[in-house]
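Have a look at the structure below, then the notes.
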Amino acid sequence: MRFIVTLLIGLFLISCNDSDGKRETRYLPKSVGNINSIQIIMENDLWNGSVGETLRKHFAAPTDGLPQQEPLFSMNQMAPANFSDFTRSYRGFVYVKLGDKDSVSLKENSYARPQTGAFITGTSRESLVQLIESNHERIIAALKQAELKEKQRRIKVSTLKIDSLQERLGVSLTISSAYRVALAKDDFYWLRKDLKSGSTNVIIYEVPLSTIGQDSTVIGDIIAMRDSISGDKMPVEEGGRFITEEAFAPLLFTTEIDGKFAYETKGTWEVKDQWMAGPFINYAIRDEANNRYLILEGFTYAPSVEKRNHQFELEAILKSAKLSK
């Protein structure tokens, strides 16, 4: 019995580093916070000056692929004196301070679990500005990855099972049970979640490897593919057609999904002549074993509503994809 009690106590004690690098063993509470929200811990005079301005320039930059400007993160600033007890439980934070050396470090689970924190120390305001400029990309990537994992964890609480998707298109997704199958064919799936005003949507299909070329032709090929296949398959009112919005060129990136190379495209869709539009994110996954690109796309229709977190949910769903080997 003593062994069992000791074991249970051990499961609740976690060894970690505090912000000064000292080792301590303690119980870590569950982290809190809205998706894509972070705490900024710095003195008010730093926040209101060039340091805060530099931080906002990068961490509140417009999110890629949205039709209107929405910040990458929603930020809440507080002075270090207030960063204690419950306020240390936020899932993501950036701690900026003046000190006797220049340093930047990323730490996991410093005060709560799961938690990602960035600690930036500079010997002067100028040093802090330079450190933020030099390290913002890797800090943002770490915070975004943590948010993605958290969103996927929340989705797993109640999921929709679609056996036929695996059978027909050789892919499975971790998708919320709030979605429903709106259309299911051998070569095309449309999944939909109703919102108070509009919907979020996932569409899935496959095309031959030859559909998407290389280098300078990639974005044009992806647009042509979307406009042809989605335009034919997506049901819209008579006279309309679901296509890529012509006025704004989509953004193209590369990534990996389930260990496979993929093109990531972010842009705006529209229904031609119907005054309907919104953001989309498209993944073309190169599946050489099956001589195809598997296409996963998420798009939102939500007039007059902020769309960042809707699109982030779709990204989390699409990145959960597992392809048949």
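What's the number of the condition LEU28 fails, among (1) open to solvent by less than 20 Å² (accessible area, probe 1.4 Å); (2) at pLDDT 95 or above; (3) farther than 30 Å from ALA247 by Cα?
With (1) open to solvent by less than 20 Å² (accessible area, probe 1.4 Å); (2) at pLDDT 95 or above; (3) farther than 30 Å from ALA247 by Cα applied to LEU28, the lone miss is (2).
Test of understanding: among THR268, THR300, THR255, which residue is β-branched (Val, Ile, Thr), surrounded by 23 or more Cβ atoms within 10 Å (Cβ to Cβ) and in a strand (DSSP E or B)?
Result of the check over THR268, THR300, THR255: THR300.
Of all residues in the range 159-174, count the ones that are among the aliphatic types (A, V, I, L, M) and touching a Ser or Thr at 6+ places or on another chain (Cβ under 6 Å).
The total comes to 2.
Output the residues belonging to the range 59-81 that are assigned to a loop (DSSP other than H, G, I, E, B), more than 12 Å from GLU306 (Cα to Cα) and open to solvent by 50 Å² or more (accessible area, probe 1.4 Å).
ASP64
Which of the residues spanning the range 108-124 are exposed (fewer than 14 other Cβ atoms within 10 Å of the Cβ) and in a strand (DSSP E or B)?
GLU108
Hey, can you tell me all the residues within the range 271-292 that are open to solvent by less than 10 Å² (accessible area, probe 1.4 Å) and under 26 Å from ARG168 (Cβ atoms)?
Scanning the range 271-292 gives PHE280, ILE281, ASN282, TYR283, ALA284, ILE285, ASP287.
Can you name the number of the only condition in (1) open to solvent by 30 Å² or more (accessible area, probe 1.4 Å); (2) small (Gly, Ala, Ser); (3) more than 26 Å from PRO62 (Cβ to Cβ); (4) in a helix (DSSP H, G or I) that SER105 fails?
(4)
Can you name the residue in the range 92-102 that is in contact (Cβ under 8 Å) with a residue 24 or more places away in the chain and open to solvent by 60 Å² or more (accessible area, probe 1.4 Å) and, of all such residues, is nearest to LEU55 (Cα to Cα)?
By that ranking, first place goes to LYS97.
If a residue has to be under 24 Å from the mean Cα position of the chain (by Cα) and without any contact (Cβ under 8 Å) to a residue 12 or more places away in the chain to count, how many in the range 166-193 make the cut?
Summing the residues that are under 24 Å from the mean Cα position of the chain (by Cα) and without any contact (Cβ under 8 Å) to a residue 12 or more places away in the chain in the range 166-193 gives 0.
When you go through GLN166, GLN214 one by one, which is the residue that is closer than 14 Å to LEU296 by Cα and either surrounded by fewer than 16 Cβ atoms within 10 Å (Cβ to Cβ) or among the basic types (Lys, Arg) (or both)?
None of the others qualify; the one that does is GLN166.
The values are calculated or read from the model by the stated rules, or taken from the named source; none is laboratory data. These numbers were taken from a predicted model, which means no experiment stands behind them. Don't worry about glycine lacking a Cβ; one is built from the backbone with ideal geometry, like all the others, and counts go over all protein chains shown. Quick note on the areas: whole protein, heavy atoms, side chains included, nothing else; ligands and nucleic acids left out. Shrake-Rupley method; radii C 1.70, N 1.55, O 1.52, S 1.80 Å.
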